[in-house]
Amino acid sequence: MVPEKLTFSPLVRRKIEADFSGGHITSDAGLLLLREVDKQHRLTQRLASVLNDSRNPMLVRHKLETMTRQRVFGVAAGYEDLNDHEALRFDQALQTAVGKESDLAAYSGPS
């Protein structure tokens, strides 16, 4: 039997629930499950720890771990094209999955 409501671990002040009554709807709710698995196994944290971050720490706005999680979760949700991330950075489902309450990192474009 499927419960009427599923409760996920919260994000600071953001309560995260899944139910079937409508409300705020996303087609990317699977990211919340991925978030729970990632929190348990620290996959994106471990991945980010082996990447070289040559940015000036005084100018960093988004942590490498957060940007790694944003990219991995975006690909997992079917958004392989980095151009998609420009719009997705405002998506509350992706923000919640990544662990941010505000806008995510923007795609900087080709260098």
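The values are calculated or read from the model by the stated rules, or taken from the named source; none is laboratory data. Treat the numbers as computed from the prediction; the structure is a model and nothing was measured. Ideal geometry is used to build each Cβ from the backbone, glycine not excepted, and the neighbour counts take in all protein chains shown.
Key figures for this structure:
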| quantity | calculated |
| --- | --- |
| Criterion: of a type in the set (S, T, N, Q), within 23 Å of LEU11 (Cβ to Cβ) and surrounded by fewer than 16 Cβ atoms within 10 Å (Cβ to Cβ) - qualifying residue of GLN45, GLN70 | GLN45 |
| Any hit, segment 34-46, residues being modelled with pLDDT under 95, outside any helix (DSSP H, G or I) and either in contact with a strand residue (DSSP E or B) (Cβ under 9 Å, 6 or more places away or on another chain) or farther than 16 Å from ARG71 by Cα (or both) | no |
| Helices (runs of 4 or more DSSP H) completely within segment 53-111 that count 3 or more residues being among the hydrophobic types (A, V, I, L, M, F, W, C) | 64-76, 92-98 |
| Count of segment 61-88 residues which are among the basic types (Lys, Arg) and either over 9 Å from the mean Cα position of the chain (by Cα) or modelled with pLDDT under 80 (or both) | 2 |
| ASP19 vs. criteria without any contact (Cβ under 8 Å) to a residue 40 or more places away in the chain and more than 24 Å from ALA106 (Cα to Cα) | yes |
